[in-house]
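The values are calculated or read from the model by the stated rules, or taken from the named source; none is laboratory data. Since we're looking at a predicted model, the values are computed, not measured. When we count neighbours, we look across all protein chains shown, and the Cβ atoms used for this are built from the backbone with ideal geometry, even at glycine. Note: accessible area is taken over every heavy atom of the protein model, side chains too, but ligands, DNA and RNA are not part of it. Shrake-Rupley method; radii C 1.70, N 1.55, O 1.52, S 1.80 Å.
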Amino acid sequence: MKQLEMADTLLDWYDRHARDLPWRVSPQDRKAGISPDPYQIWMSEIMLQQTTVAAVKSYFERFTALWPTVTALANAEDERVLGEWAGLGYYARARNLLKCARVIRDEHGGVFPKTREGLLSLPGVGPYTAAAIASIAFDLPETVVDGNVERVTSRLFRLETPLPAAKPELTALAQTLTPNERPGDYAQAIMDLGATICSPKSPACGICPWMAFCAACKVGDQARFPLKTPKKPKPTRHGHAYVARTTRGEWVLETRPEKGLLGGMLGWPGTDWREAHPKAAPFEGAWIEVGEVRHTFTHFHLILTVHRADQVEGALEVYALRGQNAFRASDLPTVMRKAFDLAHSTFTTDPVASDANQEA
DNA sequence: GAGCCGTGGCT
DNA sequence: TAGCCAAGGCT
């Protein structure tokens, strides 16, 4: 069977070239009987959804140091976890991370389910992540189909169907390649292959362990794959954000609604983000316009006009007021941190703000 | 199926 | 500069 030969070839390559990652048990260690911690595999897979390895590493180290077990994470405060997630993006992942940890604690005795179906029922765990945990953590022969596997498989078979419609075909093809031996290492191997050899732009076919099996490589048109349906252009939206400090030196923030963009995260009060952008200060203050922040989200560009005011006072109970020692800019999603950085630079350089600081 | 949901690095 | 891309899931 060619499939068995392909799996053996890839696993041999993986034994020599596996990436060293914080959440990974090396093929050598795995052969020595060391198993991955399902909690760590789950954590890494959630963080890696649509996110680069480089971006994830420091977050993974911090989360697992802060919360070494799923029960410890389940017992953490929402605000603390969301604050630590700030900057990583796709914040529904952090909310589902907590939901999932509490389901594991309350309904599964603190232990992860050991089947693909059981894992699939967990919040934030879809087809890819369920297969990834089942294979990597429990060494079950489940097939992972992420962007890497889609690219590798579409090139292997020169699949002319464009994504995302091609997903079912690619899944079926990838399943025919998944071996019953070392399925956990195989899953990581095929993703490593996609990440390091079978890359999107200029794949290194000359050193690919699967060169002899690859239809696209034979023809030489590997860069055509995978085919993709065209994306819609991003519109540009505008808005205003208001960065204020009270007479007592507290920052005036708000917790955003649970659902929608930046759901559950801290942010500065402001207008909606739409095509038009009328100013509308949320409360009284000596507002000064300090500039613009440009930021691109998944489906639109944002131009955010930033205002700031010092020494505000009045009925601010509806806001989340944070004193200096209770506020970390790193707890803010990136667009809000950009607005803070811009406004904060004017607080410290503006003569009026400086005078106010001396009095305080 | 298609829209929504972040961010940073690379070309 | 602007677009593409990254170990996707939810509605």
Can you report the principal axis dimensions of chain A using only the alpha carbons, biggest first, rounded to whole angstrom?
79, 47, 31
What is chain A's relative contact order, in percent, from Cα pairs under 8 angstrom and six or more apart in sequence?
15
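On the protein heavy atoms, probe 1.4 angstrom, tell me the percent of accessible surface of region A:236-359 carried by carbon and sulfur.
Looking at region A:236-359 in its full context, I get 49 percent from C and S.
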From the cross-link list A:K201/A:K231; A:K2/A:K218; A:K114/A:K167, which pairs have alpha carbons spaced over 21 Å apart?
A:K114/A:K167
Under DSSP loop assignment and at most 15 Cβ neighbours within 10 Å, longest GluC sites (Glu not before Pro)-free interval of chain A:
A:78-159
Just the Cα atoms of region A:36-138, one point each, no solvent: what log10 I(q)/I(0) does Debye give at q = 0.20, 0.23 Å⁻¹?
-1.01, -1.38
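Multiply the residue gap between A:E169 and A:K218 by 0.36 nm, knock off their C-alpha separation, and tell me the result in nm, one decimal place.
The A:E169-A:K218 span can extend by a further 15.5 nm.
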Once you've got the GNM for chain A with C-alpha springs shorter than 10 Å, pick whichever of A:T171, A:T296, A:T143 has the biggest mean-square fluctuation.
A:T296
Considering only C-alpha atoms, what is the centroid distance from region A:93-170 to region A:59-86, in Å?
22
Would you rank A:S199, A:S58 by solvent-accessible area, highest first, keeping every protein chain in place and using a 1.4 Å probe?
A:S58, A:S199
What net charge do the residues around A:L316 carry, taking every other residue with its C-beta under 12 Å from that of A:L316, with Lys and Arg at +1 and Asp and Glu at -1?
-2
Placing one identical point scatterer on every Cα of region A:236-359 and ignoring solvent, what is log10 I(q)/I(0) from the Debye formula at q = 0.20, 0.22 Å⁻¹?
-1.19, -1.44
Cα gyration tensor category, rounded, prolate or oblate, for region A:229-287 with a/c compared to 1.5
oblate
Tell me the accessible surface of A:H277 in square angstrom (1.4 angstrom probe, heavy atoms of protein chains only), to the nearest ten.
90
Keeping every protein chain present and rolling a 1.4 Å probe, give me the accessible area per residue for chain A in Å².
49
A:E160-A:D272 FRET efficiency (beta carbon distance; Förster radius 51 Å; 0.05 resolution)
0.75
Which whole DSSP H helices in chain A pass both tests: a Cα extent of 18 Å or more along the axis and a mean Kyte-Doolittle value no lower than 0.0?
A:53-66, A:183-196, A:334-349
Listed by chain and number, the lysines with an alpha carbon less than 21 angstrom from that of A:K259, same-chain partners under 8 positions apart left out, are A:K99
Quick calc, A:E284 & A:K234: beta-carbon distance into FRET formula, R0 35 Å, rounding 0.05, result 0.50
Go ahead and collect, in residue order, the members of region A:233-258 whose backbone nitrogen is under 14 Å from a label point 7 Å along the Cα-Cβ direction of A:A92.
A:258
